[in-house]
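Enquirer: I'd like to ask some things about the structure below.
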Amino acid sequence: MPDIHPPIEPFRIKAVEPIRRPARPERQRALKAAGFNVFGIPAEKIFIDLLTDSGTSAMSDAQWAGIMRGDESYAGARSFFRFEQAVRDQFGFAHVIPAHQGRAAERILFEGLVKKGDFVPSNIHFDTTRANVEVRGAKAVDLVIDEAYNPDSDHPFKGNMDIAKLKGFIARRGRAHIPLVMLTITNNSGGGQPVSMENIRQVSAVCRKARIPFFFDACRFAENAFFIRQREKGYGKKSVALIAREMFSHAEGATMSAKKDALVNIGGFITLNDAELAKKLKNILIIGEGFPTYGGLAGRDLEAIAQGLSEVVDEEYLAYRTGQAAYLGALLDRVGVPYFKPVGGHAVYLLADRMLPAIPREHFPAWALTVALYREAGVRSVEIGGVMFGSKDPRTGKPIFPQLEMVRLAIPRRVYTVSHLGYVADALGSIAAKKTKVRGLRIIDEPRFLRHFTARFEEI
Ligand SMILES: *Cc1c(COP(=O)(O)O)cnc(C)c1O
């Protein structure tokens, strides 16, 4: 078997946060008490937490220094102007509007643009953009290329928009009912897969021709730019910061969750060129989030975001960051655990139905794998399958399952080392070796909406 080169952490550790691995009987009790739902397990009882990469990044010494420097003036704080400049430097748009996190930025943008009966196309909407479009009585439409749903295709840009579908959709619905087109970079709900510069250019051209504004959901813009550098012809020698600027030059604006590629624990923003729209959005901001120079954040948060945005485009950092996900994938190949290929930027997605073929879809193989992984090793992951996205046929009552039955191992930024990843891969290898022992589950209690957060289960 060839050697797998682990990515080297381009930092040394200055502060540590102890973690504890509960013994197996304690893990067993925690699972029972939580109704076999890892969302219900207190974080203290988790050894390695791969639930999400959102808001879980480790900040740098320079970011912590920024926290101390934060200017908490209500209006016109120094920290705001630093933040505004940092966003302008990376994104290149004229106006910058802070918000407390990504979904607040989305809510404000859509309140300014979207009305009842509209359609908002994207490659794949993230849950919060979909919810914020649909709460306005509009429809969120996914127009990603077909390869996005094929876990075995090695297409380098599975996040791409299907240009023919986009053109067809605009022709069918008419531009009057399409207030904006979005592109999620990287495509989180499609496995953290990147969008190519060529595709961005094409989406931009289609939108310009139809006179429809084009916005990015830019949460992982640096990871996307790094994949372009690695995979797209002509970009191998360009800096990630320049590639990002080129990406953004094709759009009117972007929404951003700073909890992702701004390397902080809370925050978000909207940035755009249209002065009239910016004015309108700032008025909406004041009602729900706060004055336009803080938008629901403390001055110290704005400092940390400004610093994070300059650190996230560092190529050494991004090589390590995307290298961690690739490395975990390579370790899983060794122990025969199947996953969605190619590995995305922020996570590895396990193909649970292939790994546990004896468990029928009705008994939720991906959910069973999250339970098995906690029981085996104290590792928390998240199901993206029949529990999260399943539904019932309203007429027959028969269950409808999503195409893919996956478990996501999301990797927090700068938090875990290569040996932590090795531990996770070993645990999955052990589960694969005794997979007939993994039990399916049935739901014994579920809420009406977003059931994966609070549903309770029993093992079969
Ligand atoms: C996290 C995320 C959001 C929402 O951001 P929050 O800060 O969690 O509100 C929107 N889009 C994408 C692609 C995300 O990953």
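Enquirer: Taking a cut-off of 28 Å between Cα atoms, list the lysines near K14, but don't count ones fewer than 8 places away on the same chain.
Expert: Cα-Cα hits under 28 Å: K45, K259, K260.
Enquirer: Also: Once fully extended, how much extra length lies between D333 and E315, figured as 0.36 nm per residue of separation less the alpha-carbon to alpha-carbon distance?
Expert: Length gained, D333 through E315: 3.9 nm.
Enquirer: What's the extension gain from I19 to D445 if we count 0.36 nm per residue and subtract their Cα-Cα distance?
Expert: In short, 150.2 nm is gained.
Enquirer: Let me ask another. Give me the percent of the accessible area of the chain that comes from carbon and sulfur atoms, probe 1.4 Å, all protein chains in place.
Expert: Ligands and nucleic acids excluded, carbon and sulfur give 54 percent.
Enquirer: Separate question: For the range 1-155, what class follows from the C-alpha gyration tensor (a ≥ b ≥ c being the square roots of its eigenvalues): rounded when a/c is under 1.5, otherwise prolate if a/b is larger than b/c, else oblate?
Expert: Oblate shape, in that a/c is at least 1.5 and b/c is the bigger or equal ratio.
Enquirer: Taking only Cα atoms, what is the 0 to 90° angle, nearest 10, from helix 163-173's long axis to the longest principal axis of the chain?
Expert: The angle comes out near 70 degrees.
Enquirer: Around Y339, which amide H atoms from residues at least 5 apart in sequence, or from another chain, sit under 5 Å from its own amide H, with H modelled in the peptide plane?
Expert: Amide H neighbours of Y339: L351.
Enquirer: What does a probe at K392 reach in the range 406-443, counting residues whose amide N is under 19 Å from the point 7 Å along Cα→Cβ?
Expert: Residues 441-443 fall inside that zone.
Enquirer: With every protein chain left in place, what is the accessible area of D142 in Å² (1.4 Å probe, nearest 10)?
Expert: Taking all protein chains as shown, D142 has close to 50 Å².
Enquirer: Tell me which residues come under 5 Å, amide H to amide H, from K260 once H is placed; ignore anything under 5 positions away on its chain.
Expert: When sequence neighbours closer than 5 places are left aside, the close amide H contacts are G55.
Enquirer: So, for the range 253-360, what is the accessible surface per residue at a probe of 1.4 Å, expressed in square angstrom?
Expert: About 31 Å² of surface per residue is accessible.
Enquirer: So what does M388 come to for accessible area, using a 1.4 Å probe and Å² rounded to 10?
Expert: About 40 Å², ignoring ligands and nucleic acids.
Enquirer: Determine the percent antiparallel among the DSSP beta bridges restricted to the range 61-311, to the nearest 5.
Expert: On the way: 12 of 23 bridges.
In the range 61-311, approximately 50 percent of DSSP beta bridges are antiparallel ones.
Enquirer: How large is ³J(HN,Hα), in whole Hz, for each residue of the range 75-80 in order, when computed from phi with the Karplus curve 6.51 cos²θ - 1.76 cosθ + 1.60 and θ = phi - 60°, using x for Gly and Pro?
Expert: 10, x, 5, 3, 4, 5
Enquirer: Stretch R78-R29 to full length: gain in nm at 0.36 nm per residue minus the Cα-Cα span?
Expert: On the way: separation 49, 0.36 × 49 = 17.64 nm, distance 5.00 nm.
Value of the extension gain: 12.6 nm.
Enquirer: For the pairs K115/K279; K209/K279; K116/K280; K139/K435; K398/K435, flag any whose C-alpha to C-alpha distance is greater than 30 Å.
Expert: Checking Cα-Cα distances, K139/K435 exceed 30 Å.
Enquirer: For a paramagnetic label modelled at 7 Å from the Cα of R175 toward its Cβ, which residues of the range 262-284 fall within the zone defined by backbone nitrogen distances under 19 Å?
Expert: Flagged as within label range: 273-277.
Enquirer: Related question: Could you work out how far helix 102-113 tilts from the main Cα principal axis of the chain, as a 0 to 90 degree angle to the nearest 10?
Expert: 40 degrees
Enquirer: Here's something else I'd like to know. Going 7 Å from the Cα of K115 in the Cα-to-Cβ direction, what parts of the range 133-165 have a backbone nitrogen less than 16 Å from that spot?
Expert: 136-139
Enquirer: Starting at the first residue of the range 306-315, write each ³J(HN,Hα) from the Karplus equation 6.51 cos²θ - 1.76 cosθ + 1.60 with θ = phi - 60°, in whole Hz, x for Gly and Pro.
Expert: Those phi angles translate into 4, 5, x, 5, 7, 7, 6, 8, 5, 5 Hz.
Enquirer: OK, next. Can you sort I145, I270 by solvent-accessible area, 1.4 Å probe, largest first?
Expert: Ranked list, largest accessible area first: I145, I270.
Enquirer: So what is the calculated 222 nm ellipticity per residue for the chain, using -39500 (n - 2.57) for each DSSP H run with n of 4 or more, over all residues, to the nearest 500 deg cm²/dmol?
Expert: Helix contribution divided over all residues of the chain: -12500 deg cm²/dmol.
Enquirer: Let me ask another. Taking θ = phi - 60°, what integer Hz values does the Karplus form 6.51 cos²θ - 1.76 cosθ + 1.60 yield along the range 395-402, in sequence order, with x for Gly and Pro?
Expert: With coefficients 6.51, -1.76 and 1.60, one gets 8, 8, x, 6, x, 10, 9, x Hz.
Enquirer: Would you pull out the residues with amide H under 5 Å of I48's amide H, same chain only if 5 or more places away, H placed 1.01 Å from N?
Expert: V379, R380
Enquirer: Quick one: order R408, R12, R229 from most to least accessible surface, probe 1.4 Å. Before the final figure, lay out each step's value.
Expert: Values: R408 25, R12 220, R229 65 Å².
The ranking, largest first, comes out as R12, R229, R408.
Enquirer: Let me ask something additional. Can you put W64, W367 in order of accessible area, largest first, using a 1.4 Å probe?
Expert: Result, largest first: W64, W367.
Enquirer: On to the next question. Using Cα positions and a limit of under 12 Å, work out the aspartates and glutamates in reach of K237, with same-chain residues fewer than 8 apart set aside.
Expert: The reachable aspartates and glutamates, counting only those whose Cα sits under 12 Å from K237, are E315.
Enquirer: Just read off the accessible area of F291 with the full protein assembly in place, 1.4 Å probe, to the nearest 10 Å².
Expert: 70 Å²
Enquirer: Report, in degrees rounded to the nearest 10, the 0 to 90 angle that the Cα long axis of helix 240-249 makes with the longest principal axis of the chain.
Expert: Value to nearest ten degrees: 60.
Enquirer: I need the calculated FRET efficiency for the pair A358 and H5, taking r as the beta carbon distance and R₀ as 56 Å, to the nearest 0.05. Don't skip to the answer; put the middle values down first.
Expert: Values: r = 35 Å, r/R0 = 0.63.
Once the sixth-power term is evaluated, E becomes 0.95.
The values are calculated or read from the model by the stated rules, or taken from the named source; none is laboratory data. As the structure is a computational prediction, the values presented were derived from the model and not from experiment. With ideal geometry, Cβ positions are generated from the backbone for all residues, glycine too; neighbour counts draw on all protein chains shown. For accessibility, only protein heavy atoms count, side chains too; no ligands or nucleic acids. Shrake-Rupley method; radii C 1.70, N 1.55, O 1.52, S 1.80 Å.
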